Amino acid sequence: MPSVVVTLENTENQQKLKINPPSSGLSLQGSLTIPGDKSISHRALMLGALAEGVTTIEGLLLGADPRSTAECFSGLGAEISELNSQQIKVKGCGIGNLQEPDRVLDAGNSGTTMRLMLGILASHPDRLFTITGDSSLVKRPMDRVIRPLTQMGATIWGRRSGSLAPLAVRGQQLQPIHYHSPIASAQVKSCILLAGLMVEGATTVTEPALSRDHTERMLKAFGAQLTVNPDTNSVTVFGPAKLQGQTVIVPGDISSAAFWLVAASIVPGSDITIENVGVNPTRTGILEAMAMMGADIESQGERLVAGEPVADLRVRFSRLKACEIKGDLIPRLIDEIPILAVAAAFAEGTTTIRDAAELRVKESDRITVMATELTKMGAKISELPDGLEITGGFPLRGAEVDSDTDHRMAMSLAIAALNAKGSTTIHRAEAAAISYPDFVESLQQLIINN
């Protein structure tokens, strides 16, 4: 029975996820749906709150991060119905009409909530906002969005010269800029574009490489005037804008699908289908990386759902080989690098991941945490300043490991444990609920004992 392999122990302060593969082995079989895309869920709630009229959202991710976004924008005056994955409604305030809250806004663990919301709040004149987060978020850098907002005329105070939360924002009438971002970051780009909605004139962001484009797609759907220049990786929004409520259907999150793509690729005899996965080309770096490693992944039934490309992904076990992951591919798979490190631990040869220093300022220092925890399991992995070097082919063994309260760490270590000899205990496994509340149940559903 699957329960023999996977057990979840609740203690007073944390969850311990124990994975004990049988000596006869296991495989993963069947089909599953995954949670709604986290990036799209955040943006649907935000634009719904800024739009006039009612926005209907189907398939919203019910993880902790989108809940934080919903609570923040409820505090700013938007009317948001009780959250569920079927259908919720957001009655917006209209551009420029968010209320000054009577309490501190709490972004929880969500960097997306805080960074994108800063652009919105900074552009609401004559209102004061204060925003904070949990013990992890208040350590993560906000200056990457505060710098361009300050160039637009924003007034923002915070710890460490305004780079760390808690942050206080005095809304201003901002000015348009052309910002040349030093990094390819959808959060930076989106923050500036959202600020530009209330600015008179053209606000442009140019990136060194293409980052995910959910904000651009959704702004157009809500009625904003926006142009995209793919030759220069530039996006321009023209303000002041007027947004109209829409129906948003949230596809499955490819970042969540990534765990199953790797799991079925490394566990012998596996054959699973992941249904309704968003395959936006700015997010499919994981598919390209897995293809370079020789994974057997088939895209089926490709279609458009509310402007976003969607497909079913069938993945079967294959013998993976090492590859090099770097450059322009990194922004399109930055969130999937932890689980790609697990794939690399089972691939023949040495995989090198470069140009990913961004990982050091995520929910954890994902470079250090991944290297530390996989080493406990016997992986041959070493840190680089901007990535990892992993030599595969060394059998993993069960161990006591820790998520460092990072959802992607918790799930990546669980997938590694499926193909390890002996029992693995993952401490602070409750972190998975940030983006995948039903992760353990999905894992139990797929496991077949040999």
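The values are calculated or read from the model by the stated rules, or taken from the named source; none is laboratory data. Quantities reported herein were computed from a predicted structural model and do not represent experimental measurements. Areas reflect the complete protein model, heavy atoms only, side chains present, ligands, DNA and RNA absent. Shrake-Rupley method; radii C 1.70, N 1.55, O 1.52, S 1.80 Å.
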Heavy-atom surface of the stretch 115-221, accessible at 1.4 Å and reported per residue (Å²): 35 Å²
The chain, relative contact order [Cα under 8 Å, separation at least 6], %: 18 percent
Size descriptor, Kirkwood hydrodynamic radius, that averages inverse alpha-carbon separations across the chain, Å: 22.2 Å
Portion, in percent, of the accessible area of the stretch 1-119 that falls on carbon or sulfur, probe 1.4 Å: 42 percent
Cα gyration tensor shape of the stretch 162-244, rounded if a/c is under 1.5, else prolate or oblate by comparing a/b with b/c: oblate
For the chain, calculated [θ]222 nm from helices alone, where every DSSP H run of n ≥ 4 adds -39500 (n - 2.57): -8500 deg cm²/dmol
Protein accessible area in the stretch 359-450, 1.4 Å probe - carbon and sulfur %: 52 percent
Over the stretch 1-94, equivalent-ellipsoid semi-axes from the Cα gyration tensor in Å: 38, 16, 9
Relative pair counts by distance (%), Cα atoms of the stretch 247-356, 5 Å bins: 2, 13, 24, 24, 18, 11, 5, 1, 0, 0
Radius, Kirkwood style, for the stretch 55-194 when every pair of distinct Cα atoms is counted (Å): 15.4 Å
Links that overshoot a 25 Å alpha carbon limit, given the list LYS18/LYS421; LYS220/LYS362; LYS89/LYS220: LYS220/LYS362
For the stretch 137-188: rounded, prolate or oblate by the Cα gyration tensor [a/c cutoff 1.5]: oblate
The stretch 311-418, relative contact order in percent, only Cα pairs under 8 angstrom and at least six apart counted: 28 percent
